[in-house]
Amino acid sequence: MISPMTSRTVRTMCPMNCHPTFCGMLVEVSEEGRVLGVKGDPENPDSRGFLCIRGRAAVEIPHNGRRLVQPLVRDGRRGEDRWRAVSWGEAIDRIVRAIEATNRERVGFWFGHGAHVTGINRPLIMRFGHLGGMQVWNPAIVCWAMGAYGLGITGVIESNTKEDMAAHSRFVLLWGANLASQPTTAPHLMEARRRGARVVLIDVRRTEAARHADETWLIRPGTDAALALAMAHVIVAEGFVDHDFVARHTIGSEAYTEHLKPFTPEWAEGETGLAAADIRRLAREYATSRPAMIVVGGASMYKHRHGWEPGRAIATLPALTGQLGIAGGGLGPRHRSFPTGDHLADLTAANRRPPGGWVPSHMSSIARLIKEGGLDVLLTAGTDMLSSFSDTAAVERDLERVGLIVAYDVFANDTIRRVADVVLPGTVWLEDIGIKETATHFYLMERALEPMGEARPLISVLRELAVRLAIEDFFPWPSVEAYMDALLAPQRNGTLTVAKLRELGGIAERSRLDHVPYREGRFATPSGKIEFDSERAVALGLPGLPSYTRPTRDGAALPLEFRQGRVLTAFHSFYDNGRALPALERAEPHAELWIHPDDAAPRGIAAGGRVELWNERGRFEAVAHVTADILPGVVWARDGWPGLNTLTSGEACLTPAASDGLDPRIPGGQSAYDARVEVRALSPSGASAR
Ligand code: SF4
């Protein structure tokens with residue numbers, strides 16, 4: 001409850017990171033410096049007062065008894081979870097000694113979403129690594145980058161906004177896009193529907209988004225590129241191509257037209273499981289409903305061995321039909337996509353890293369570096385590496401070869417409990433200042449609380465380490481606010497500062513914002529055009545034309561295809577996989593495995609029964625959710641559960657050179673995350689799992 005008189009209200013943002021959704025939050029703070037409540041900010045133009053269960057659960061973070069509040073060093077062997085409290089001085093000394101005792105190339109920095117809940121830490125982590133001459137990796141390789149990599153080869157990176165969708169789209173194709181990861185898009189989708197727009201959902205399960213869709217189609221995992229190529233085939237074969245757009249804004253259309261001939265709907269039926277007639281109907285509807293928008297998924301649909309292929313092929317559809325650069329068309333909002341406009345300054349100093357043996361942001365190369373004993377010090381921040389990497393049992397085993405593992409975080413997680421040697425207590429979002437950047441706006445996050453215990457902001461920890469390690473020019477600004485001003489410098493010709501943002505009530509629209517990208521017909525490719533046929537892809541060792549590779553049958557002897565994704569009650573492994581926040585733990589007390597009745601029955605599995613998934617790499621326990629909302633032969637669980645990625649493959653999707661070669665901001669270094677599994681019942685059918 002919000003209490004009167006003796007409290008103050010602070011405007012900030014939800015500390016989760018579910019871009020393109022970031023929700024405005026009003027926090028009531030008592031005179032004694034305690035959070036009394038949180039609620040949605042009705043004046044936030046993106047979220048308009050909305051907070052989901054994750055955002056509302058944030059009230060349980062600041063004064064949580066499970067918070068890390070003092071530096072700890074392991075007091076025993078790894079895996080024992082025994083700790084000794086130390087001073088910051090002792091902890092920093094130990095880190096500095098370990099770094100100074102080795103070559104900087106043998107020091108690595110891996111961080112996750114939890115390290116940049118205030119939106120301003122990420123550039124400094126990269127800057128610390130670059131100027132310090134260390135290995136530092138972009139965590140986008142566990143998230144959105146693989147999808148963007150595929151879209152980027154074709155040349156469609158920027159997205160139309162949710163507001164544009166609400167105002168103009170007549171047809172919206174949610175393609176692997178689950179609104180649980182972008183809830184503030186839902187009201188705009190509903191506005192579009194009220195105007196008469198039709199919505200079709202394609203996914204590997206009937207997600208929460210299905211309730212907003214007129215039709216939902218379930219397809220076999222990893223076959224999205226086959227569907228896209230078949231739709232392109234229909235668009236070409238049935239004369240729906242916008243020849244004027246194609247002539248002016250694309251290259252390689254003749255080769256693509258020829259290439260598409262064998263990708264008939266009948267062929268795609270065998271790949272996707274969708275009827276050929278339905279594929280034809282979908283292609284026709286998309287091509288003839290102008291403007292039509294495709295909202296592609298943020299991350300989960302690309303988590304397979306050939307994860308760049310869907311984006312590459314899907315991005316050709318709006319190009320063939322001339323639906324780029326028009327209101328209501330193009331590609332809709334997705335994780336880490338932006339419309340046209342000015343961005344924040346790049347302060348990562350990537351071009352100032354000294355020459356060295358840098359391992360790219362390429363998960364299997366990072367895993368190999370660890371396995372081969374190439375790291376003496378691993379600095380981590382805001383991540384549960386043993387949850388987010390693929391093939392985590394192997395990663396955990398190989399981390400034994402790293403001499404010192406340091407973890408900066410708010411709550412302990414499995415990586416901390418099992419492998420970290422030094423733990424640094426981090427501040428929570430209300431104990432820091434920050435800026436969140438949505439597709440359209442910048443929001444100031446004001447500091448509202450004193451840090452709990454000895455928790456320190458990550459920036460101050462990095463500054464101290466930089467001084468001790470003589471990393472020059474790491475933080476040339478006189479204050480954190482001056483650093484934030486430097487980040488904001490490209491906005492409004494340098495006139496948008498923290499002070500100005502404060503004057504504006506903490507909310508400012510992106511400068512030169514256009515809700516409709518590509519109006520000028522210039523695309524982010526070497527030719528400046530949409531590239532149906534890409535010389536750049538060939539140079540990277542990839543097919544020049546959009547391709548589809550049938551899902552690999554790794555572990556083919558096992559019958560079920562495992563996939564993972566997002567729900568509304570969790571955000572990756574944040575806050576010890578949500579277990580530190582009672583509201584989230586109550587909402588999701590155990591892992592659920594979606595399994596079709598046809599797969600459950602012969603295995604003696606019934607709803608609520610405990611099950612085990614297993615394969616040659618690992619095992620994972622869950623509770624069966626027996627449902628026809630997933631296809632036979634496919635099983636699904638939400639991501640982030642400890643142990644889940646012991647099942648998934650660490651096989652590289654791309655070579656390191658291909659991964660790094662497209663765009664330094666979009667590393668394609670994801671590992672496969674594919675898994676073939678078998679499932680067996682652990683408890684009698686229907687027995688309670690609690
Ligand atoms: S959707 Fe939920 S978790 Fe995401 S920013 Fe909004 S309130 Fe936070």
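The values are calculated or read from the model by the stated rules, or taken from the named source; none is laboratory data. Keep in mind it's a predicted model, so treat the numbers as computed, not measured. Positions of Cβ are backbone-derived with ideal geometry, glycine not excepted, and every protein chain shown enters the neighbour counts.
Which residues, taken from the stretch 665-687, are in contact with a Ser or Thr (Cβ under 9 Å, 6 or more places away or on another chain) and either small (Gly, Ala, Ser) or more than 23 Å from Val611 (Cβ to Cβ) (or both)? Result: Pro667, Gly668, Gly669, Gln670, Ser671, Ala672, Ala675.
Taken over the stretch 31-87, the residue count meeting the criterion of being closer than 23 Å to Leu581 by Cβ and assigned to a strand (DSSP E or B) is 9.
Taken over the stretch 566-609, the residue count meeting the criterion of being at positive phi and either at pLDDT below 95 or in contact with a Leu (Cβ under 8 Å, 6 or more places away or on another chain) (or both) is 5. Glu266 falls short on exactly one of the conditions (1) crowded, with 16+ Cβ neighbours inside 10 Å; (2) without any contact (Cβ under 8 Å) to a residue 40 or more places away in the chain; (3) within 26 Å of Val635 (Cα to Cα), and that condition is (1). Scanning the stretch 321-337 for residues that are over 22 Å from Ile125 (Cα atoms) and either of a type in the set (Phe, Trp, Tyr) or under 22 Å from the mean Cα position of the chain (by Cα) (or both) returns Gly330, Leu331, Gly332, Pro333, Arg334. Cβ separations smaller than 9 Å between residues 6+ apart or across chains give the following pairs from the stretch 502-526 residues that are without any contact (Cβ under 8 Å) to a residue 40 or more places away in the chain to residues that are in a strand (DSSP E or B): Leu504/Leu444. Total residues in the stretch 23-66 satisfying the condition of being among the basic types (Lys, Arg) and within 9 Å of the ligand (Cβ to nearest atom): the figure is 2.
Of the residues making up the stretch 585-603, one or more are among the basic types (Lys, Arg), over 30 Å from Asp409 (Cβ atoms) and outside the structural domain of Ile219 (by TED's automatic domain parsing).
Answer yes or no: is there a residue in the stretch 291-313 that is of a type in the set (Ser, Thr, Tyr) and within 21 Å of Phe338 (Cβ to Cβ). Yes, the stretch 291-313 contains at least one residue that is of a type in the set (Ser, Thr, Tyr) and within 21 Å of Phe338 (Cβ to Cβ). Of the strands (runs of 3 or more DSSP E) lying entirely inside the stretch 550-644, those carrying at least 3 residues that are in contact with a strand residue (DSSP E or B) (Cβ under 7 Å, 6 or more places away or on another chain) and under 22 Å from Leu218 (Cβ atoms) are 560-565, 592-595, 619-626, 634-638. Pairing each residue of the stretch 557-578 that is not assigned by TED's automatic domain parsing to the domain that holds Ile53 with any residue that is within 16 Å of the ligand (Cβ to nearest atom) and among the aromatic types (Phe, Trp, Tyr), provided the two are 6+ apart or on different chains, yields C-beta distances under 8 Å for Gly578/Phe571. The requirement of being in contact (Cβ under 8 Å) with a residue 24 or more places away in the chain, outside the structural domain of Asn577 (by TED's automatic domain parsing), surrounded by fewer than 21 Cβ atoms within 10 Å (Cβ to Cβ) and of a type in the set (Asp, Glu) is satisfied by Glu43. Val96 fails exactly one of the following numbered conditions: (1) more than 16 Å from the ligand (Cβ to nearest atom); (2) modelled with pLDDT of 95 or more; (3) farther than 30 Å from Val467 by Cβ. What is the number of that condition? Every listed condition holds for Val96 apart from (3). Thr9 passes every criterion in (1) surrounded by fewer than 18 Cβ atoms within 10 Å (Cβ to Cβ); (2) within 13 Å of the ligand (Cβ to nearest atom) apart from (2).
Let's see how each residue does on (1) surrounded by fewer than 21 Cβ atoms within 10 Å (Cβ to Cβ); (2) within 16 Å of the ligand (Cβ to nearest atom):
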{"site": "Glu520", "(1), (2)": "yes, no"}
{"site": "Ala524", "(1), (2)": "yes, no"}
{"site": "Gly528", "(1), (2)": "yes, no"}
{"site": "Val538", "(1), (2)": "yes, no"}
{"site": "Leu545", "(1), (2)": "no, no"}
{"site": "Arg550", "(1), (2)": "yes, no"}
{"site": "Ala557", "(1), (2)": "yes, no"}
{"site": "Phe574", "(1), (2)": "no, yes"}
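Here Asn493 passes the criteria (1) surrounded by 16 or more Cβ atoms within 10 Å (Cβ to Cβ); (2) assigned to a helix (DSSP H, G or I) except the one numbered (1).
On inspection, Ser87 fails the criterion of being within 16 Å of the ligand (Cβ to nearest atom) and polar (S, T, N, Q). Among residues of the stretch 448-464 that are over 14 Å from Phe411 (Cα atoms), those with a Cβ under 9 angstrom from a residue that is modelled with pLDDT under 95 and part of a helix (DSSP H, G or I), sequence gap 6+ or separate chain, pair up as Leu458/Ala115; Leu458/His116.
Within the stretch 614-626, one or more residues are touching a Gly at 6+ places or on another chain (Cβ under 8 Å), within 30 Å of Gly65 (Cβ to Cβ) and crowded, with 22+ Cβ neighbours inside 10 Å. Against the definition (at positive phi and among the charged types (D, E, K, R)), how does Arg56 come out, yes or no? So Arg56 does not fit the description; no.
Could you tell me which residue of the stretch 485-501 is nearest to Lys436 (Cα to Cα), considering only residues that are touching a helix residue (DSSP H, G or I) at 6+ places or on another chain (Cβ under 6 Å) and in contact (Cβ under 8 Å) with a residue 24 or more places away in the chain? Taking the candidates together, the pick is Val498. One residue is enough: does the stretch 345-357 have a residue meeting the conditions more than 30 Å from Asp224 (Cα to Cα), without any contact (Cβ under 8 Å) to a residue 60 or more places away in the chain and either out of contact with any helix residue (DSSP H, G or I) (no Cβ under 9 Å at 6 or more places or on another chain) or surrounded by fewer than 18 Cβ atoms within 10 Å (Cβ to Cβ) (or both)? Yes, some residue in the stretch 345-357 is more than 30 Å from Asp224 (Cα to Cα), without any contact (Cβ under 8 Å) to a residue 60 or more places away in the chain and either out of contact with any helix residue (DSSP H, G or I) (no Cβ under 9 Å at 6 or more places or on another chain) or surrounded by fewer than 18 Cβ atoms within 10 Å (Cβ to Cβ) (or both).
Quick one: is Asp398 farther than 30 Å from Leu444 by Cα, modelled with pLDDT of 95 or more and not aliphatic (A, V, I, L, M)? Criteria met by Asp398.
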